[in-house]
Amino acid sequence: MRRLKMSWLLTALLVALALVAAGCGGDDGEESGGKKGTPVTGGGKVAEGKQGGDVTFLAAGDIDYADPGQTYYTFGFMVAGATHKTLYSFSPESPEKAIPDLAEGEPEISDDNKSVTVTLRKGVKFSPPVNREVQAKDVKYAFERSFTANVPSGYATSYFSELEGAPTEPGKYQEIPGLVVDPADPYKLTLKLTKPVAPRVVAAMVMPITAPVPQEYAEKFDKKSPSTYDQYVVATGPYMIKNDAEGKLVGRKPGKRVEMIRNPNWKKDAIDDFRPAFLNSITIEEGNDDLTVASRRTLRGQQLMCCDAGQPPIPILRQALTKFKDQLGRTSGGGTRWIAMNSTEKPFDDVNVRKAVIAGFDRDSLRLTRGGAEVGPIANHWLPPGIPGHDESGGLEGDPKFDFMKNPKGDLALAAEYFKKAGFKSGKYEGKEKILTIATNADPGKQTAAVAQAQFEKLGFKLNFRSVPQDTLYTKFCGVPKAKVVICPNVGWFKDFTDPESMLQPTFSGDAIKEQGNVNWTQLKVPEIDQAMRDGALIPVGDERNQKWAEINKMIVDQAPGIPFSWDDSFSLVSKDLKGVINVYSTTWDLSFTSLK
């Protein structure tokens, strides 16, 4: 085994993070998406802060899951980052590389890239009512449960399917032979792989799936369909969701609040945790779907944070960029926003209909709902700035061979040509059915959906349009294929880690489609693309890999599965008495570093 430092191993995968260091508002003349600056509102060093205090986070919706094996939503990642220790994590102090968190040091990778060994940090304990020390068996179980039908992980089979003996389809719980706890060292776990994909597996060890789960406590919940562990989660981070003596999360009332208190078993000095964890408690107050009110309340209030929507409404954002710079957190979103068209449902099972829609859409008007050019460029393909393969895909402009992507303000004449290829002689869609469309009920996504609805109607479509909270949009509708949602106008994908595979495989591979927690919202399933992805996963980090995934990116563009419209930055607000700290990885406030001034 050769020991590889994370700083070396992930340099190629994470080099782009140097280009997306968190900003704090203000205009330094640089292009959006590469904004430089400190991740601290009002200046100061990241790890310095005032101990104590209670903060309220104003949110429109709920987190998707408290269960680290299921959460796959930016808002959920924010909570998971404060309540769980993953094998490796990103600190706001060192956003350019992952650092050991639950792991005590760097991973060991075999020379053939088919084995990874990680040794856990001693002294980390589960929160009440479990209270015991974490061992490698708990990470092993965390992986195994995430391959079951009862714990529908959105990415287990995308990033860890090469584990020896891993199930190819979610089913009943079973041990995975490729997860081996050293019989002589209960803190050492080896991942044995069927293919030489160790660098990608290591890069994915920052994901919540690597947070430990105690089998003797959780398995009774995991036997239910779906698992009810989400209501009984125990923590290993500095904070925990308030629970009772049996472990029931009395501090979580879906749609109303999440109450996080200090984990009494977390000892910073004993385990040398990098998190300062200044605050005594954080309460997420949900139901603030009027983000204009929530944003104003935050800017003019005390001990408040906002928002879960990726940015405040446009008028408030413009105010914050000029008058409240010290209360605005800004970082590159590291992802793409788009409108998903279900390629398995009529009329979008016809690629020419999909190309007609993209050709005719005014994508600039969609971007305006997020803030316009000031907050980022229009997306012209699926790999955003800063992700390897972006430049090889044509950069900001994309590949000129895709005529339907050329005019971001829409080309109705070209749209008519594609509609005619699909059999609609009028040059518009001629169907009479109402197409099921599920949108978020909170701005700015609500505005985006309204503009999208008008654009579809202009092209001849009639929509059965429904609005739901953002978390419900994913967990009940767009992330559930059997719901048969045809249009999802509020989806977006942001880096799991800085590698093109992490951007494209979960979202456009037919192999990644799942019954629950599905993030291939377009349900694209093209054998040539799927095989190209399998081949691309085996290419080492470097120019050849970037070029291969750029080619895959172009193959996806040619399938026109959705309407990409923005590579925008993410913005968050705090009240003037808080020193907010942005985590570049999660693109949200880091609750373990934020403090009162």
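The values are calculated or read from the model by the stated rules, or taken from the named source; none is laboratory data. The structure displayed is predicted, hence computed values, not measured ones. Note: ideal-geometry Cβ built from the backbone for every residue, glycine included; neighbour counts use all protein chains shown.
Taking the criterion of being free of Cβ contacts under 8 Å to residues at least 60 places away in the same chain and of a type outside the set (A, V, I, L, M, F, W, C), the residues of the stretch 451-480 that qualify are 453, 457, 460, 462, 464, 466, 467, 476. Listed conditions (1) touching a Leu at 6+ places or on another chain (Cβ under 7 Å); (2) modelled with pLDDT of 95 or more are all met by residue 416, apart from (1).
Condition first: of a type in the set (Lys, Arg) and either in contact with a Gly (Cβ under 8 Å, 6 or more places away or on another chain) or free of Cβ contacts under 8 Å to residues at least 60 places away in the same chain (or both). Now tell me which residues in the stretch 555-597 satisfy that.
579, 597
Counting only strands (runs of 3 or more DSSP E) that sit wholly inside the stretch 82-127, those with at least 2 residues that are closer than 19 Å to residue 239 by Cα and out of contact with any Pro (no Cβ under 9 Å at 6 or more places or on another chain) are 88-91. If you go through the stretch 151-209 and pick out every residue that is assigned to a helix (DSSP H, G or I) and not aliphatic (A, V, I, L, M), you end up with 6. In this structure, residue 423 does not qualify as part of a loop (DSSP other than H, G, I, E, B) and under 30 Å from the mean Cα position of the chain (by Cα). Identify all residues within the stretch 537-566 that are more than 20 Å from the chain's Cα centre (by Cα) and among the polar types (S, T, N, Q); write none if there are none. Within the stretch 537-566, 546, 547, 559 meet the criteria. Residues in the stretch 452-467: is at least one surrounded by fewer than 18 Cβ atoms within 10 Å (Cβ to Cβ), touching an Asp or Glu at 6+ places or on another chain (Cβ under 8 Å) and among the basic types (Lys, Arg)? There is at least one residue in the stretch 452-467 that is surrounded by fewer than 18 Cβ atoms within 10 Å (Cβ to Cβ), touching an Asp or Glu at 6+ places or on another chain (Cβ under 8 Å) and among the basic types (Lys, Arg).
Taking the listed residues 198, 203, 245, the one that is among the hydrophobic types (A, V, I, L, M, F, W, C), modelled with pLDDT under 95 and surrounded by fewer than 24 Cβ atoms within 10 Å (Cβ to Cβ) is 198, with no other qualifying. Scanning the stretch 436-449 for residues that are touching a Phe, Trp or Tyr at 6+ places or on another chain (Cβ under 9 Å) and touching a residue at least 60 places away in the same chain (Cβ under 8 Å) returns a single hit, 448. Selection within the stretch 567-597: residues that are of a type in the set (Val, Ile, Thr) and not in a strand (DSSP E or B). The member of this set that is farthest from the chain's Cα centre (by Cα) is 594.
Checking every residue in the stretch 134-148 against the condition of being in a loop (DSSP other than H, G, I, E, B), among the small types (Gly, Ala, Ser) and in the same structural domain as residue 215 (by TED's automatic domain parsing) gives at least one match. Counting only helices (runs of 4 or more DSSP H) that fall entirely inside the stretch 250-362 and contain at least 1 residues that are of a type in the set (Phe, Trp, Tyr) and surrounded by fewer than 16 Cβ atoms within 10 Å (Cβ to Cβ), no element qualifies. Being out of contact with any Pro (no Cβ under 7 Å at 6 or more places or on another chain) and under 17 Å from residue 238 (Cα atoms), is that true of even one residue in the stretch 152-170? Checking the stretch 152-170: not a single residue is out of contact with any Pro (no Cβ under 7 Å at 6 or more places or on another chain) and under 17 Å from residue 238 (Cα atoms). Among the residues of the stretch 472-505, those that are farther than 25 Å from residue 389 by Cβ and touching a Leu at 6+ places or on another chain (Cβ under 6 Å) comprise 485, 486. The residues on offer are 359, 379, and the sole one that is in contact with a strand residue (DSSP E or B) (Cβ under 9 Å, 6 or more places away or on another chain), modelled with pLDDT of 95 or more and either of a type in the set (Gly, Ala, Ser) or not assigned by TED's automatic domain parsing to the domain that holds residue 420 (or both) is 379.
Can you say whether residue 25 is assigned to a loop (DSSP other than H, G, I, E, B), crowded, with 24+ Cβ neighbours inside 10 Å, modelled with pLDDT under 90 and not assigned by TED's automatic domain parsing to the domain that holds residue 514, as far as the supplied structure shows? No. Against the numbered list (1) in a loop (DSSP other than H, G, I, E, B); (2) more than 30 Å from residue 197 (Cα to Cα), residue 450 comes up short only at (1).
Out of 252, 296, 318, I need the residue that is at pLDDT below 95 and either more than 24 Å from the chain's Cα centre (by Cα) or in the same structural domain as residue 580 (by TED's automatic domain parsing) (or both). Which one?
318 is the lone residue from the list that is at pLDDT below 95 and either more than 24 Å from the chain's Cα centre (by Cα) or in the same structural domain as residue 580 (by TED's automatic domain parsing) (or both).
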